[in-house]
Protein chains: 2
Amino acid sequence: MSKILVIGHQNPDTDSITSAISFSYLQNALGKNTEAVALGAPNEETQFALDYFKAETPRVISGASNETREVMLVDHNEFQQSVPDIEELTILAVIDHHRISNFHTATPLYYRAEPVGCTQTIILKLYKEHQIEIPSHIAGLMLSGIISDTLLFVSPTCTDEDIKAAQELAKIAGVDPEKYGLDLLKAGTNLSDKTAEELISLDAKSFEVNGKKVRVAQVNTIDYMDIFSKKAEIEAAISRQVNDNGYNLFLLVVTNILDSDSRIFATGSSAQVTEQAFGIKLENGEAFLKGVVSRKKQIIPQLTEALSN
Amino acid sequence: MSKILVIGHQNPDTDSITSAISFSYLQNALGKNTEAVALGAPNEETQFALDYFKAETPRVISGASNETREVMLVDHNEFQQSVPDIEELTILAVIDHHRISNFHTATPLYYRAEPVGCTQTIILKLYKEHQIEIPSHIAGLMLSGIISDTLLFVSPTCTDEDIKAAQELAKIAGVDPEKYGLDLLKAGTNLSDKTAEELISLDAKSFEVNGKKVRVAQVNTIDYMDIFSKKAEIEAAISRQVNDNGYNLFLLVVTNILDSDSRIFATGSSAQVTEQAFGIKLENGEAFLKGVVSRKKQIIPQLTEALSN
């Protein structure tokens with residue numbers, strides 16, 4: 001029997017990579033033969049967590065059907081965010097905290113989604129339900145996922161369950177969640193060695209509404225100028241992606257993790273729709289979004305609504 | 001705040017109706033304001049269970065958006081099996097044991113699916129996870145769902161978890177699962193007062209493969225002749241449905257619950273595909289399928305495969 005691959009989404013973030021690791025560990029403890037893999041190299045934030053807790057970096061794959069027939073998905077379900085040959089594979093399980101869209105299976109499966117801030121909060125429940133002990137390095141990775149997805153508990157996606165889970169995991173991992181959390185998030189804002197092209201691809205998601213192709217990239221920072229000082233290069237990189245992929249809207253969301261605000265930069269034939277979506281006025285394609293940090297709760301639904309009209 | 005409606009699938013079977021009741025009870029115990037409703041009147045089997053355990057028959061609705069914005073789905077997810085105005089509603093939760101198909105949401109939700117024989121087996125876990133006590137009449141209804149969906153534990157969809165859940169629920173309900181189970185299943189085979197039209201609509205599901213419209217109706221019996229003695233009327237009723245709805249294949253599956261076999265009757269321009277799907281030869285549109293009792297495991301996947309070629 002070939003291994004079951006446990007896979008997070010493309011442009012993996014910390015939740016995606018660490019959830020693959022923690023869910024694979026759980027499945028193996030329950031007798032399955034699984035391996036956590038990733039659809040891209042860890043970003044700086046994720047690498048910080050992997051190094052801190054001395055965990056192995058998951059193998060990067062670009063397809064799965066050459067080595068297995070069975071996969072489990074974590075932190076995503078939409079096929080366009082998954083391994084490109086997903087349609088050829090049997091999906092045994094999904095653990096996720098997103099909407100369900102562009103997803104279907106031929107047979108019944110295990111699907112566990114909850115409207116919480118992080119996949120790891122759900123995975124912690126699964127460890128408890130199966131009474132499997134969590135090793136301290138796995139707990140540290142799980143905590144990292146929660147801190148990353150909730151921006152240290154300030155995102156509107158963060159629930160009481162996420163906070164309680166983080167506290168519990170921090171205890172097992174032996175770290176102070178606030179102190180470790182800020183170090184983790186800061187590590188993710190070190191983008192000095194990234195090209196503009198890499199920067200707008202680090203954490204980007206695509207979707208379609210009403211025949212319009214939309215891509216929303218998000219970058220965390222502790223100083224907007226770190227990003228906007230490179231605006232000309234970034235503009236050029238976005239224009240290339242818009243042309244190459246036919247996006248009607250490319251939205252770059254730059255989030256200040258210390259102030260919990262964002263600045264957006266909108267490009268494409270549908271860029272104006274952001275004015276209606278967020279009740280703002282674009283200036284040179286830019287605008288400030290006070291209190292906005294969550295793509296899932298404060299960006300995608302508003303864009304979807306505005307594009308549906 | 002209007003009530004959240006808890007809804008099973010169209011042409012409701014015992015699992016669908018009783019899962020709406022048991023999940024609604026659980027949600028209300030957890031502080032939500034929900035009501036179990038149904039997309040059709042209970043069949044004879046379900047009515048037997050409702051009467052036996054002195055439970056109220058859920059209100060039948062044909063749409064939900066006139067009275068609520070929020071629903072929870074049990075025992076199904078595919079929109080064509082749900083309330084007709086499902087696209088206008090927010091789906092807060094899904095508890096199911098089927099494949100996922102033609103399903104999508106705009107926002108994150110609670111989704112719990114497991115590849116077990118019955119929705120009630122999953123709902124029992126939820127009661128335990130939330131430490132909510134199950135009243136004996138609810139336990140009886142939950143047991144009825146499991147017996148119905150697994151044909152008293154003989155269906156290949158039946159798992160060890162379903163059997164254990166049924167034993168546990170039978171104890172709370174104070175019934176002998178084998179004796180009560182046979183009475184329940186027999187009640188469902190009493191179709192003497194049904195017209196041919198009703199008979200082929202009692203438990204029927206539609207889907208599309210490769211542009212072909214397929215409908216698979218299933219009827220339980222303890223004597224094939226109860227059904228096939230009315231073949232002329234049934235044929236006429238099926239022909240009407242094929243013409244009215246443009247089905248390429250209408251498959252009637254008559255399952256003998258005592259012998260755990262089925263006879264099928266295939267109509268429509270794609271009727272021949274059943275020969276390839278099940279490795280049989282149709283005679284006057286009919287064939288015998290030894291050991292076949294599960295539409296989900298032994299009919300739909302084989303038809304889907306054959307129609308995909």
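The values are calculated or read from the model by the stated rules, or taken from the named source; none is laboratory data. Just so we're clear, the structure is a prediction, and the values are computed from it rather than from any experiment. Cβ: placed from backbone, ideal geometry, glycine included. Neighbour counts: every protein chain shown.
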#### Entry: Out of A:VAL292, A:VAL273, sole residue that is within 18 Å of A:SER155 (Cβ to Cβ), buried (at least 20 other Cβ atoms within 10 Å of the Cβ) and away from chain B (no Cβ under 14 Å)
A:VAL292
### Query
Among the residues of segment A:208-243, which ones are exposed (fewer than 15 other Cβ atoms within 10 Å of the Cβ) and closer than 11 Å to A:THR255 by Cα?
A:ASP223
### Message
Can you find a residue that is more than 22 Å from B:LEU39 (Cα to Cα) and of a type in the set (Gly, Ala, Ser) anywhere in segment B:194-204?
### Response
no
### Query
Of all residues in segment B:148-171, how many are among the β-branched types (Val, Ile, Thr), part of a helix (DSSP H, G or I) and touching a residue at least 40 places away in the same chain (Cβ under 8 Å)?
0
### Message
Regarding segment A:154-172, can at least one residue be identified that is closer than 23 Å to A:LEU92 by Cβ and either within 12 Å of chain B (Cβ to nearest Cβ) or crowded, with 22+ Cβ neighbours inside 10 Å (or both)?
### Response
no
### Message
Just to be sure I understand, how many residues within segment A:199-214 are in contact with a Lys or Arg (Cβ under 7 Å, 6 or more places away or on another chain) and either free of Cβ contacts under 8 Å to residues at least 60 places away in the same chain or not assigned by TED's automatic domain parsing to the domain that holds A:THR304 (or both)?
### Response
0
### Message
Anything in segment A:113-123 that is surrounded by 22 or more Cβ atoms within 10 Å (Cβ to Cβ) and facing another protein chain (nearest Cβ under 7 Å)? List them, or say none.
### Response
A:ALA113
### Top-ranked residue of segment B:82-106 - restricted to ones that are among the β-branched types (Val, Ile, Thr) and over 11 Å from A:ALA113 (Cβ atoms), ranked as surrounded by the fewest Cβ atoms within 10 Å (Cβ to Cβ)
B:THR90
### Task
Sort out which residues of segment B:88-112 are more than 22 Å from B:ARG215 (Cβ to Cβ), more than 7 Å from chain A (Cβ to nearest Cβ) and touching a Phe, Trp or Tyr at 6+ places or on another chain (Cβ under 9 Å), and write them in order of number.
B:ILE91, B:LEU92, B:ALA93, B:VAL94, B:ILE95
### Query
Considering segment A:184-201 alone, what residues qualify as being part of a helix (DSSP H, G or I) and surrounded by 14 or more Cβ atoms within 10 Å (Cβ to Cβ)?
A:LEU184, A:LEU185, A:LYS186, A:ALA187, A:GLY188, A:ALA196, A:GLU197, A:LEU199
### Query
Out of the residues in segment B:124-145 that are among the β-branched types (Val, Ile, Thr) and in a loop (DSSP other than H, G, I, E, B), which is farthest from the other protein chains (Cβ to nearest Cβ)?
B:ILE134
